[in-house]
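Report on the following structure.
All of the numbers you see were taken from the coordinates with simple rules; none came from a lab. On a predicted model such as this, the values are computed, not experimentally measured, just so you know. Here the Cβ positions follow ideal geometry from the backbone for every residue, glycine too, while neighbour counts run over all protein chains shown.
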Amino acid sequence: MLTPLSSEKAIRLLERENTLVFKIDDHLSKTEIKRLVEERFNVRVTRVNTMRGPKGRKAYVTLSKDASALDIASQLGLL
């Protein structure tokens, strides 16, 4: 499961670093997250970082320069 996040930090990363932030299931690996994002949004992912916090696990997905995270965010209704 990939659920997009729309916190202030997530929007800032979206605009400045072309990075999407998702809340993810604990069992997903970085490779699986990359594959899911590439297939779902038809973009190329350059990097995936994950973080486990008190509210669950998050994935920071950086897109290639030719893909726009802003376009995907508007498709998802974040903007």
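Straight Cα distances below 27 angstrom link residue 55 to the lysines 9, 23, 30, 34, with same-chain residues fewer than 8 positions distant left out.
Placing +1 on each Lys and Arg Cβ and -1 on each Asp and Glu Cβ, with no other charges, gives the chain a dipole about its Cα centre of roughly 300 debye.
In the range 2-76, a dipole from Cβ-located charges (positive for Lys and Arg, negative for Asp and Glu) runs towards its positive end, and of 51, 4, 63 it is 51 whose Cα lies farthest in that direction. Answer with a single label: of (1) 18, 15, 11; (2) 22, 17, 15; (3) 33, 20, 8, which was calculated as semi-axes √(5λ) of the Cα gyration tensor in Å from the structure in view? Step by step, semi-axes √(5λ) of the Cα gyration tensor in Å for this structure corresponds to label (1).
Taking K and R as +1 and D and E as -1, what net charge do the other residues with C-beta under 13 Å from the C-beta of residue 15 add up to?
Values: positive: 9, 12, 16; negative: 8, 17, 71.
Every neighbour counted, the sum reads 0.
For the pair residue 65 and residue 11, a Förster radius of 25 Å applied to the C-beta separation gives a FRET efficiency near 0.80, rounded to the nearest 0.05. Near residue 61, once Lys and Arg are set to +1 and Asp and Glu to -1 for all other residues with Cβ below 9 Å from its Cβ, the sum equals +2.
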